[in-house]
Ligand code: NAD
Ligand code: UFG
């Protein structure tokens with residue numbers, strides 16, 4: 001059985017479905033700090049299976065102990081963390097507490113129960129502003145914000161743990177920019193409050209929930225002057241986790257891989273692709289650069305292909321089409 005923490009979140013919910021469809025038994029946990037319990041009924045409908053789920057906090061060792069006593073857990077996929085870069089500047093202690101204490105509490109309980117397979121949600125933000133793109137896994141690690149620091153520190157904690165006991169097997173998955181939604185339109189990204197990321201903002205402008213999109217600068221050193229990122233469809237990303245779980249459970253060694261497409265798209269490329277999907281213009285206005293942003297980065301995903309046999313399959317237009325299906329079928333997210 002696989003334990004998913006942060007199971008009702010954006011990437012967690014899509015991964016849960018893919019794991020079930022791949023024949024894995026899953027127990028999900030989440031404290032709903034950034035997700036809705038309504039995800040559960042949607043996932044039951046999509047999977048045709050009764051879900052196993054417990055509400056609780058990964059920072060709570062008593063709760064975690066009860067989870068491990070109740071279920072035969074062979075491996076853990078750890079999504080639960082806070083992820084808003086801006087908030088991590090204004091409230092760093094909250095980020096270090098939740099993301100680091102939660103990780104340590106979880107690893108301690110796993111160790112006690114001799115469960116040594118761990119898939120970790122790392123991030124391209126561990127590279128900071130990379131010197132070259134495509135970015136390879138051995139690039140310098142220099143995160144630029146407290147959130148990114150929690151990801152790098154988590155990686156360091158896990159690497160020290162691996163050195164202390166050879167039974168540990170860890171998949172360090174460094175995600176680039178996940179966007180899109182399940183093709184059913186039943187599950188998708190539904191951040192609490194005002195979104196910070198490009199894709200949910202474009203979706204809201206397309207739906208008329210916001211008047212216009214701010215494009216943060218068109219004077220970057222990129223082909224069209226707007227920021228370039230490696231957007232990856234969330235279902236492709238979820239399938240990368242299925243591969244990582246299968247890899248570790250089959251006794252193969254730890255690995256550190258980028259999960260991206262290897263293609264960089266600009267903010268204007270995303271706007272144009274979305275306009276093509278919805279058949280009308282997306283109102284936007286170019287503003288000043290957002291503090292802390294970088295011009296361009298995209299992944300070299302070839303190591304994930306070689307070690308996991310995984311490649312992203314969906315293109316930008318599919319990402320935008322699936323994002324729009326989710327947005328238009330659920331104008332107010334899970335509260336619709
Ligand atoms: P999300 O906020 O949608 O999901 C995280 C889930 O974890 C939420 O459901 C939240 O309620 C839960 N959670 C947070 N703290 C918890 C705690 N202490 N106990 C129990 N549950 C808790 O975020 P997401 O986009 O699905 O991201 C999943 C993981 O991937 C995170 O670790 C994130 O840092 C990482 N990541 C995300 C991105 C991205 O752009 N979405 C990029 C790189 C890495
Ligand atoms: N952008 C805009 N307008 C907006 C929002 C974003 O022009 O309203 C631009 C940004 O300037 C950037 C691009 O769109 O060029 C992507 O921005 P996002 O906020 O969607 O994503 P980031 O690349 O800044 O960061 C995201 C997550 C991080 C994560 C990182 C991993 O927020 O947590 O991807 O690659 F670490």
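Just so you know, all these numbers are worked out from the coordinates, no wet-lab data involved. No experiment lies behind these values; they were computed from the predicted model shown. All Cβ positions, glycine included, derive from the backbone under ideal geometry; neighbour counts span all protein chains shown.
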**Request:** Percent of Cα-Cα pairs per 10 Å bin, from 0 to the last occupied bin, for the stretch 150-279, please list those.
**Result:** 10, 31, 31, 19, 8, 1
**Fill in**
Compactness summary of the stretch 80-126: radius of gyration and Dmax from Cα atoms, Å, are 12.6, 38
**Prompt:** Once the principal axes of the Cα atoms of the stretch 194-257 are found, what is the range along each, listed largest first in whole angstroms?
**Reply:** 51, 31, 16
**Message:** What percentages make up the Cα-Cα pair-distance distribution of the stretch 196-336 when the bins are 5 Å wide from 0?
**Reply:** 2, 9, 17, 18, 17, 15, 11, 7, 3, 1, 0
**Asked** For the stretch 275-336 and the stretch 78-100, what is the separation of their C-alpha centers, rounded to whole Å?
**Response** 23
**Request:** Determine, from the Cβ-Cβ distance of residue 315 and residue 163 and an R0 of 35 Å, the FRET efficiency 1/(1 + (r/R0)^6), rounded to the nearest 0.05.
**Result:** 0.30
**Degrees, to the nearest 10: 10-21 long Cα axis against longest axis of the chain** = 60
**Item:** Extent along principal axes [Cα atoms of the stretch 1-140; Å; largest to smallest]
**Value:** 46, 32, 29
**Request:** Estimate the FRET efficiency between residue 332 and residue 285 by the formula 1/(1 + (r/R0)^6), using the beta-carbon distance for r and 25 Å for R0, to the nearest 0.05.
**Result:** 0.50
**0 to 90° range, to nearest 10: angle between helix 146-164 axis and the chain longest Cα axis** = 30
**Message:** Using square roots of five times the C-alpha gyration tensor eigenvalues, list the equivalent-ellipsoid semi-axes of the stretch 244-319 in whole Å, biggest first.
**Reply:** 34, 17, 9
**Item:** Longest to shortest principal axis, alpha-carbon extents of the chain, angstrom
**Value:** 55, 43, 39
**Message:** Semi-axes of the equivalent ellipsoid for the stretch 109-187, please: Cα gyration tensor eigenvalues, times 5, square-rooted, ordered largest first, whole Å.
**Reply:** 25, 21, 11
**Prompt:** How big is the Kirkwood radius of the stretch 72-159, worked out from every pair of different alpha carbons and given in Å to one decimal?
**Reply:** 13.9
**Prompt:** Order of 69-78, 135-144, 179-188 by packing, highest average Cβ count within 10 Å first?
**Reply:** 179-188, 69-78, 135-144
